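Please treat every number below as a calculation from the coordinates, not as lab data. Note that this is a predicted model, so its numbers are computed, not measured. We place every Cβ from the backbone using ideal geometry, glycine too, and count neighbours over all the protein chains shown.
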Amino acid sequence: MIRVLVADDQRLQRLAFRMLVECEPGMTIAGEAGDGAAAVRLTAALRPDVVVMDARMPGTDGIEATRQIVASGSRAGVLIVTGFGLDEFAYAGLAAGASGFLLKDAAPEELIAGIRAVAAGGAAVSPALARRMLDAGAYDVLAPAAPAAAGDPRLSVLSGREREVLAAVARGQTNAEIARDLVLAESTVKKHIRRMLAKVGARDRVQAVIFAYDTGLAGPRAGAGTKTYSSPSRPISP
């Protein structure tokens, strides 16, 4: 049973999430919070599997609440939801350690799939969408430091093949697409992704995309040969 904590300052929105979750087999609402401080407190007390977190709330907002939940060592995954699209709250939420980002007007099945993906340790934002967010200006929020050099030393922990896999993940490719392009078995691609995530300290593919941009392996600093993908958002797990 996936236990979900809903954090939103709007009572009607919490009710909508509750109705959606409780109609889904294998899911239940663990609790509700009306602000970020309550979300942090209830996450510690109730130990949900997933926190569906509104980005904008009075007092402690969803971004700061996410940061505190992640810093506490909680095993709960945080899924940021917002009605404001690709704004600084979404970018900062991923940087704070959220495992996903969805819009409040997402289809019900997309939200449910996102919750399941986060509960399973995956990501509820496709790498392609994360890339579009970064290209839209998120990079300045996620990595405000000086641009990394082409040979960023943080990449030295990866083998050549793992770098290729990381670059493909940053382009938004699925495991099947990576396997096809690199002429590998899909099971081998999964192994490379697991090793790559462990080596760079990324919890999921979204954080791996951020790492790829931060080190210059992907994004504007990667060179003119970088391809642009625009595949739709979909939950992706390693």
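For Phe101, the residues whose modelled amide H falls within less than 5 Å of its own, excluding neighbours fewer than 5 places apart on the same chain, are Ile80, Ala124, Val125. Using the average count of surrounding beta-carbon atoms within 10 Å as a protection proxy, the listed peptides 110-116, 97-103 rank, highest first, as 97-103, 110-116.
The phi torsions of the range 63-79, fed into the Karplus equation with coefficients 6.51, -1.76 and 1.60 and a -60° offset, translate into couplings of 6, 5, 4, 4, 4, 5, 5, 5, 5, 6, x, 4, 7, 5, x, 10, 10 Hz, rounded to whole numbers, with Gly and Pro shown as x. Grouping the Cα pair distances of the range 2-124 into 5 Å bins from zero gives a pair-distance distribution of 2, 14, 26, 29, 21, 8, 1 percent in increasing distance order. Amide H contacts for Met57 (H built 1.01 Å from N in the peptide plane; partners 5 or more residues away or on another chain; cut-off under 5 Å): Gly62.
Placing pseudo-labels 7 Å out from each Cα toward the beta carbon at Leu46 and Arg11 gives an inter-label distance of 1.7 nm.
Highest average first, the peptides 163-175, 205-217, 28-40 ordered by how many other beta carbon atoms sit within 10 Å of their residues are 205-217, 163-175, 28-40.
In percent, rounded to a whole number, the relative contact order of the range 2-124 is 22, using alpha-carbon pairs under 8 Å and six or more apart.
The gain in end-to-end length when the Met19 to Ala198 segment is fully stretched comes to 60.8 nm, 0.36 nm per residue minus the alpha carbon separation.
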